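Input: a single structure, listed below in C-alpha cells.
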Amino acid sequence: METQSDRNIHAYWLTATKLEPPRLRQDVIPRQRLLAELHDAVVSHPLTLVSAPAGYGKTTLLAAFVRTYPDVLTTWLSLDQEDNEPARFLSAVIAAIQQAAPNCGGRAQAILSNLPNPGAEARRIIGVLVNEVLETVPDAIIIVLEDLHLVSEPAVCVAIDYLLERLPPQMHLVVSSRHDPPLALARLRARGQLAEVRLGQLRFTLDEVTSFMNEQLGLGLAPRELASLHASTEGWPAGLRLLASSLDQIPASADRAAFVTRLAETSTHIFDFLADEVLARQSASVRTFLLKTSVLLELTPRLCQAVTGQSDAPAILEDIYRRSLFLMGVDEAGTAYRYHHLFAEFLRRRLVRDMPELVVELHRKAAEAEDVPMRAISHYLAAQLWEQAAKMIEQAGEQLLRNGLRRRLVDWIGSLPLSVRETHPRLIYFLGVAALQKGDLEQASALLERARRGFEMASDRAGQGEALQELAGVTSQQHDWTRQAILIEQALTYPLPLHGRVQLLMSRAWRAVYAADLSRADADVDELIRLTLESGEPRAFAIVAPILRGHLALLPGGTIRLEHYCRQALARFGEDAGVVQAGAHCLLGYIYSLRGQIEESVREAERAGEISQGLGGFHFLDWEVDIVLTSAYMARGDYTAAERRWAERLPVYEQTPAIRPWMPTFLLRLGQAQWLQGKLEQVRETEADLVSLVDERALPELSVSRALVRAFVEMGDQHYAEAEHILRPALALEGQSPHCLVFTNAHLMLAYLYLLWHRAQQALSELAPLLADCERRALPGLVLREGAAIVTPLLRLAVEREVHAPYAAHLLSILGASQEPRRAYVPETGQTLTIREVEVLRLITTGASNRAIAHRMVISERTVKTHVTNILSKLNVQSRTQAAARARDLRIV
C-alpha cells in the first residue's frame with residue numbers, strides 16, 4: 001500500500017514541470033498537415049518515433065499535437081539525465097499516467113515504494129501497470145516521452161521494450177529523440193507497429209519559411225533572399241528562429257540582404273554563427289543575464305534573481321521569452337522556463353570562455369536557491385563545494401536508495417574527493433548498500449566494514465548498528481551462517497530504525513527455527529509482531545509480509561498471535577491490493593489449513609494469490625499459496641489437481657534462485673500426489689529429480705523429502721520392510737527439525753505403512769501420539785493435509801479401536817468420511833453394489849487406476865479387476881467413465 005509519506009518522497013524528486021508539455025508561443029508556425037499525419041500515425045500504432053537532430057522542432061510539434069487534439073487523452077513526460085535509473089524512470093511514467101488517469105498506477109507505485117531494490121523489478125512493475133491500465137483506462141491514452149536520447153541506461157530501454165511488448169491496445173507511446181533509441185525498432189517496423197516522423201518531415205518547406213519570415217514577422221524579404229535562407233538553413237527550424245531574431249534587429253532592407261549574403265558564405269557552424277550574432281545584439285545587462293542563468297536547468301524569476309543578483313531579473317526573463325530568444329515556457333502558468341538545449345549548450349560554452357571566474361559562484365548561488373534536491377546537489381558538485389554536497393547527499397541518500405536511484409547516488413559520491421568521502425562514513429555506507437543491491441557481495445562487505453569503522457571512530461552508534469545490519473544481509477547471501485549470527489547479535493545491541501530491528505529479529509527467528517531453538521524463535525516473533533503493530537510503520541509491515549509464514553504457527557505461540565497480526569494488518573491497510581494484504585491473506589490461509597478449516601483456507605489462499613499475481617507475483621507468497629491449496633486438494637482426495645498445480649509451478653521455482661533451496665518440499669508434495677494415484681513411474685522420476693538436487697545450504701528439507709519419496713516407491717512396490725528402514729531415520733530428522741512438520745509427517749507415513757503391512761497395532765502406536773498432539777494444539781490440518789486416502793482408513797481404525805476415538809471421529813467428519821460406506825441399490829438393474837464395490841466405484845470417480853485402488857484399499861490388483869467387472873455389470877455400463885457418471889446419479893459420490 002502506498003502511504004502519504006511514499007507519495008511525498010516521489011514528489012520530492014520529481015518536478016511537476018516534467019509532466020507538462022511546454023507552453024506554445026503565439027508566433028509558432030501552424031503545421032496542420034504534419035499534425036494531422038502525426039495524429040493518424042499515433043492512434044494507429046503502439047509506438048510513434050519522432051527522430052531528428054536538435055533544433056528541428058520535435059518538442060514544439062508534440063506540444064502542438066497535445067493542444068490541437070484536446071479530446072485525446074494525452075499525458076507528457078520530459079526526460080533528462082536523472083531518469084537513467086529504471087526505478088526513477090518508472091516512477092515518472094506512473095506519475096505521468098496519473099496526470100491523465102488518477103485512478104491508475106497506485107498498485108505499481110506501491111510496489112516501487114515497498115520493494116527493497118525496485119530497479120531490479122522493472123518487469124514486475126510494468127506488468128502491474130499494464131494490468132491497471134486495462135482495468136481503469138477504457139479509452140485511448142497517449143504517453144509522450146520527450147528527449148529519450150538523454151537516457152543512456154540500457155536497463156531503461158529494456159524496460160521500454162518490455163512495455164511495448166505488453167502494451168494494452170488502448171495505450172500508445174510517442175517518443176522524441178535526437179537519434180534512434182536502442183529499442184527493438186526493426187521488430188516493431190516489421191510488424192507494422194511503428195510510425196516514424198523524421199528530419200525530412202520536420203524540415204521547414206520554402207512556403208513555411210516565407211510564412212514565418214514575411215507573414216508572421218513582417219520582415220518583407222524578397223523571394224531570392226527567402227530561397228537563400230531556406231538553402232542556407234536547409235529548413236532547420238532552430239536556425240530559422242535565430243535568424244529571425246537577428247534580422248528583426250536590422251531595420252534596413254539593404255543591411256538585411258547583406259546579412260543574408262554573409263550567412264550564405266560563412267564556414268562557421270550555422271547555429272554558432274547565428275547565436276553569436278544574437279548574443280552580440282543584446283544589451284550588456286541582457287547578455288550577462290543570459291550567460292549567468294545558463295547554469296540553471298529550469299529558470300524561474302526567483303532562481304534567476306538569486307543567481308544574477310539583478311533585481312529586474314523577472315522582467316528580463318519575460319522580455320527574453322517575448323522576444324523568442326530560445327526560451328521555452330515549461331508550464332501553462334508561465335512561472336518556469338528553460339533554454340532550448342542547443343542555446344543552453346552555446347551559452348554555457350560562452351560563460352566558461354568569457355566569465356570563467358564566475359562559474360563556481362553561480363553554481364553556489366543556484367544550489368542555495370534551488371528547491372529540487374537533486375539539482376541543488378549537482379550545483380554544489382559543479383561548484384566544488386564538497387562539504388556542502390556531502391552533507392546534502394547524506395540527507396538524501398536513504399531516499400535515493402529506496403527509490404531505486406542507486407546509480408545517481410554512486411555517481412555523486414564518486415564525484416567527491418576521497419578525503420571528503422573518508423570523513424563521511426554515511427557515504428561509504430551508502431556505497432556499501434548500493435553494492436549489495438547490485439549483488440557485488442565482496443565489494444559490499446568491504447565498504448560496509450569501512451563504514452562501520454568510520455561510524456565507530458565518530459561515536460555514531462546508530463550508524464554502527466545500520467552497518468552491522470547490512471553486513472548481516474551480506475553474510476546471509478554468502479551463506480556464512482556463523483558470521484551472520486554474530487553480526488545479528490551485535491547489531492541488535494545498537495539503536496536501529498524500527499524496520500531494521502524488525503528485519504534482524506525476523507532473521508534471528510528463522511535461524512532459531514532451523515536450529516530447533518523454538519523458545520528463542522517464539523520470543524523474537526512475539527517481539528517483531530509487537531513492534532510492527534505498535535509502530536504502524538509501512539516499511540516494517542512490508543518486511544514482515546512476505547516472510548511471516550506458516551512454519552511459525554508451530555511455535556509455542558501457535559496460530560492465535562499470527563491471526564491477530566493478520567487481522568490488524570488488514571484493518572490498517574484495508575482490502576486494497578498490496579504486498580501486506582497478500583501476506584496477511586496467505587498467512588490466514590495457512591492458519592485455516594492447519595486448523596482443518598479447508599474451505600476457509602482455500603478462500604484466503606486464492607485471495608492472496610489473486611493479489612500477488614496482480615502485483616506481478618511474490619515467490620515466497622506464491623509457494624505458500626501453493627502449499628495451502630494443494631493441502632486442501634489432498635484433504636479432499638483430489639490428487640490430480642494437486643499434481644497438476646505442482647507440475648505447473650515447479651518450472652517457475654526452478655528458475656528462481658531464492659526459492660530453489662525449498663524445491664525438495666515441492667517435489668515431495670508432487671511425489672505424494674503421484675503416489676496416491678498409483679503413478680509409481682512418475683514417483684520414481686520425481687525421486688530422481690530430488691536426488692539430482694545440490695544441497696548448498698544443508699537444509700533438512702532435502703534429506704527428509706528424499707527419504708519420504710523413496711519410502712513411497714518402496715510402499716508402492718510392497719517392499720514394506722525397506723520402507724520402514726527408510727522412514728525410521730526420517731523420524732529422527734523431523735525430531736531434530738520440527739519445522740519440517742509444516743509440510744510432511746513421517747510418523748503418519750509410518751502409521752500408514754503399518755496399516756498396509758497389516759500391523760494395525762503398530763499403526764495405532766504411531767498414530768496415537770500424533771492425534772494427541774494435534775488435538776492439544778488444535779491443528780488437525782497436520783493430519784488432514786496428507787491426503788484422504790491415507791488419513792481416512794487410519795482414523796477409522798482409531799475409532800474402531802477407541803484410540804482418541806472422539807477426535808478421530810471429528811477429523812473424519814471434516815473429511816466428510818464419518819459414515820462407513822453402505823450398500824447401494826441400482827434401480828435400473830435391480831442389483832445391489834456391495835460395500836467394497838461402493839468403495840471401488842468412489843475411487844473410480846477420482847480417476848484412480850486399478851493399481852492405485854489396490855494400493856489404497858490394501859488389496860490385490862486381481863481383486864480390484866473383479867470388483868470393476870462386477871460394478872460394470874450391475875450398472876449395465878461398458879466403461880469406467882460411464883460407471884463414474886452413474887455413481888454421481890446414484891449419489892455415491
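Take the conditions farther than 24 Å from E135 by Cα and of a type in the set (V, I, T) and apply them to V579. Does it pass? When the stated conditions are applied, V579 does not pass them. Consider the range 14-34 and keep the residues that are outside any helix (DSSP H, G or I) and among the β-branched types (V, I, T). The one that is surrounded by the fewest Cβ atoms within 10 Å (Cβ to Cβ) is V28. Out of all the residues in the range 736-749, is one or more assigned to a helix (DSSP H, G or I), surrounded by fewer than 18 Cβ atoms within 10 Å (Cβ to Cβ) and polar (S, T, N, Q)? Scanning the range 736-749 turns up at least one residue that is assigned to a helix (DSSP H, G or I), surrounded by fewer than 18 Cβ atoms within 10 Å (Cβ to Cβ) and polar (S, T, N, Q).
Screening T630 against (1) modelled with pLDDT of 90 or more; (2) open to solvent by 30 Å² or more (accessible area, probe 1.4 Å); (3) polar (S, T, N, Q) leaves a single unmet condition, (2). Among the residues making up the range 304-321, those that are out of contact with any Lys or Arg (no Cβ under 9 Å at 6 or more places or on another chain) and not in a loop (DSSP other than H, G, I, E, B) are Q305, A315, I316, L317, E318, D319, I320. Does any residue in the range 61-74 that is closer than 17 Å to Q99 by Cα come within less than 8 Å, Cβ to Cβ, of a residue that is among the acidic types (D, E) and open to solvent by 60 Å² or more (accessible area, probe 1.4 Å) six or more places away or on a different chain, and which pairs are these? Sorted first by the residue in the range 61-74, then by its partner, the pairs are L73/D139.
For the range 58-87, taking the residues that are charged (D, E, K, R) and open to solvent by less than 20 Å² (accessible area, probe 1.4 Å), the one that is farthest from M328 (Cα to Cα) is identified as E85.
Would the range 396-419 turn up any residue that is open to solvent by 40 Å² or more (accessible area, probe 1.4 Å), in a loop (DSSP other than H, G, I, E, B) and closer than 19 Å to L297 by Cβ? No, because not a single residue in the range 396-419 is open to solvent by 40 Å² or more (accessible area, probe 1.4 Å), in a loop (DSSP other than H, G, I, E, B) and closer than 19 Å to L297 by Cβ.
Taking the criterion of being in contact (Cβ under 8 Å) with a residue 40 or more places away in the chain, outside any loop (DSSP other than H, G, I, E, B) and either open to solvent by 20 Å² or more (accessible area, probe 1.4 Å) or within 20 Å of A571 (Cβ to Cβ) (or both), the residues of the range 511-546 that qualify are Y514, L518, P538, R539, A540, A542, I543, V544.
For L699, state whether it is more than 21 Å from L753 (Cα to Cα), open to solvent by 10 Å² or more (accessible area, probe 1.4 Å) and touching a Pro at 6+ places or on another chain (Cβ under 9 Å). Answer is yes for this residue.
Beta carbons closer than 9 Å, at least 6 apart along the sequence or on distinct chains, pair a first residue in the range 344-360 that is more than 25 Å from A238 (Cβ to Cβ) with a second that is open to solvent by less than 70 Å² (accessible area, probe 1.4 Å) and of a type in the set (V, I, T) for V359/V295. Looking at S601, S612, just one residue is of a type in the set (G, A, S), more than 22 Å from G847 (Cα to Cα), crowded, with 24+ Cβ neighbours inside 10 Å and touching a Leu at 6+ places or on another chain (Cβ under 6 Å), and that residue is S612. Screening the candidates S246, S253, S228, S267 for the property of being modelled with pLDDT under 75, over 51 Å from the mean Cα position of the chain (by Cα) and surrounded by 17 or more Cβ atoms within 10 Å (Cβ to Cβ) yields one hit, S246. Counting only residues that are open to solvent by less than 40 Å² (accessible area, probe 1.4 Å) and touching a Pro at 6+ places or on another chain (Cβ under 7 Å), the range 440-461 holds 3 of them. Under the condition of being farther than 17 Å from D773 by Cα and modelled with pLDDT of 90 or more, the residues counted in the range 730-754 number 3.
Would you point out the residue of the range 118-139, among those that are open to solvent by 60 Å² or more (accessible area, probe 1.4 Å) and aliphatic (A, V, I, L, M), that is nearest to H619 (Cα to Cα)? Checked the range 118-139; the qualifying residue nearest to H619 (Cα to Cα) is A120.
The values are calculated or read from the model by the stated rules, or taken from the named source; none is laboratory data. Quick caveat, the model's predicted, so the values are computed rather than measured. With ideal geometry, Cβ positions are generated from the backbone for all residues, glycine too; neighbour counts draw on all protein chains shown. Keep in mind that these areas ignore ligands, DNA and RNA; they rest on the heavy atoms of the full protein, side chains included. Shrake-Rupley method; radii C 1.70, N 1.55, O 1.52, S 1.80 Å.
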